[in-house]
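What follows is one structure encoded as structure tokens, with my remarks underneath.
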Amino acid sequence: MLGLNYLAWLGILVWIVVPALAWLTAWLIRRRARTALMRGMGVGVGLAILSAPWLVSSGVKAYYDRQVRELCAKDGGVRVYETVRLPADEYDQYAKRNWMFPDKQKIRLSGNYYIETDRHFYIKGYLNFVRTHHRIIRRIDGKILGESIRYGRAGGDLPGPWHHSSYMCPDPVKQPSNFETEVFVRGEEQ
């Protein structure tokens, strides 16, 4: 319909229709009011209508942030199943590359480790709710050495020119996703 996606229609609703409805309602109540209290009520009703999209958006974000915390408490975080002691030069090579491992499709025969990443989107669109699962695997025997599970919410804000908000658990500031340094430790110089 008119070639606009749902986000454009949501923007039109939030930034044009809702303010117009708030103004019209406040104007009609104030016009028909016989007392100062009724005129004040007209302004109050207009402000309530105007703030409704923000209240709904904040409630939706709070709901999904709570879901992120609950799921994260169940199975989020880092688990190390085996610690690998790497020679100092090999450890330094991985550290220099910021612990970037190839995925399973790009592993060469010379590579010893690769990473698998699974993303499951519970909701995808204007609001994203996702579970991200990283696993470091040893190529030789296919054993999982460690894994990191994160949950996150992005979006759900009022449409506009600003960047969307997000929430992630475990918190990437307090617990960085660099779990590779927990799986791999530096060996002795030889």
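Any idea how many residues of region 131-161 are without any contact (Cβ under 8 Å) to a residue 40 or more places away in the chain and within 16 Å of the chain's Cα centre (by Cα)?
4
Does region 63-76 contain any residue that is outside any helix (DSSP H, G or I), of a type outside the set (Asp, Glu) and either surrounded by fewer than 12 Cβ atoms within 10 Å (Cβ to Cβ) or out of contact with any Asp or Glu (no Cβ under 8 Å at 6 or more places or on another chain) (or both)? First the steps, then the outcome.
We begin by selecting, within region 63-76, every residue outside any helix (DSSP H, G or I); these are 76.
Subset that is of a type outside the set (Asp, Glu): 76.
Cutting the leftovers down to either surrounded by fewer than 12 Cβ atoms within 10 Å (Cβ to Cβ) or out of contact with any Asp or Glu (no Cβ under 8 Å at 6 or more places or on another chain) (or both) gives us 76.
Scanning region 63-76, I find at least one residue that is outside any helix (DSSP H, G or I), of a type outside the set (Asp, Glu) and either surrounded by fewer than 12 Cβ atoms within 10 Å (Cβ to Cβ) or out of contact with any Asp or Glu (no Cβ under 8 Å at 6 or more places or on another chain) (or both), so the answer is yes.
Give the number of residues within region 32-62 that are among the small types (Gly, Ala, Ser), over 29 Å from the mean Cα position of the chain (by Cα) and part of a helix (DSSP H, G or I). Don't jump to the end; show me each part of the working.
Step one: list which residues in region 32-62 are among the small types (Gly, Ala, Ser), which gives 33, 36, 40, 42, 44, 46, 48, 51-52, 57-59, 62.
From what is left, the residues that are over 29 Å from the mean Cα position of the chain (by Cα) are 33, 36, 40, 42, 44, 46, 48.
From the residues that got through so far, the ones that are part of a helix (DSSP H, G or I) too are 36, 40, 42, 44, 46, 48.
Total meeting the criteria: 6.
Can you tell me which residue in region 169-189 is modelled with the highest pLDDT, limited to those that are crowded, with 20+ Cβ neighbours inside 10 Å and assigned to a strand (DSSP E or B)?
Ranking the candidates gives 169 first.
With respect to the numbered conditions (1) on the phi < 0 side of the Ramachandran plot; (2) touching an Asp or Glu at 6+ places or on another chain (Cβ under 7 Å), which one is the sole condition not fulfilled by residue 99?
(1)
Based on this model, can you work out whether residue 63 counts as at pLDDT 90 or above and over 30 Å from residue 30 (Cα atoms)?
Details: at pLDDT 90 or above: yes; over 30 Å from residue 30 (Cα atoms): yes.
Yes, satisfied.
Just one of 171, 141, 157 is of a type in the set (Asp, Glu) and under 28 Å from residue 88 (Cα atoms); which is it? Quick ask: steps written out before the conclusion?
Working: 171 fails: under 28 Å from residue 88 (Cα atoms); 157 fails: under 28 Å from residue 88 (Cα atoms).
Going through 171, 141, 157 in turn, the sole match is 141.
Scan region 43-69 residue by residue and report those that are charged (D, E, K, R) and more than 15 Å from residue 123 (Cβ to Cβ). Spell out the reasoning first.
First, pick out the residues of region 43-69 that are charged (D, E, K, R): 61, 65-66, 69.
Selection gives 69 alone.
Just to be sure before I move on: is residue 121 modelled with pLDDT of 90 or more, loosely packed, with under 14 Cβ neighbours inside 10 Å, under 30 Å from residue 165 (Cβ atoms) and assigned by TED's automatic domain parsing to the domain that holds residue 159 in the structure I sent?
Numbers: modelled with pLDDT of 90 or more: yes; loosely packed, with under 14 Cβ neighbours inside 10 Å: yes; under 30 Å from residue 165 (Cβ atoms): yes; assigned by TED's automatic domain parsing to the domain that holds residue 159: yes.
Spelling it out, residue 121 is indeed modelled with pLDDT of 90 or more, loosely packed, with under 14 Cβ neighbours inside 10 Å, under 30 Å from residue 165 (Cβ atoms) and assigned by TED's automatic domain parsing to the domain that holds residue 159.
The values are calculated or read from the model by the stated rules, or taken from the named source; none is laboratory data. Fair warning: this is a prediction, and the values are worked out from it, not measured in the lab. Cβ coordinates were reconstructed from backbone atoms using ideal geometry, including for glycine residues, and neighbour counts include every protein chain displayed.
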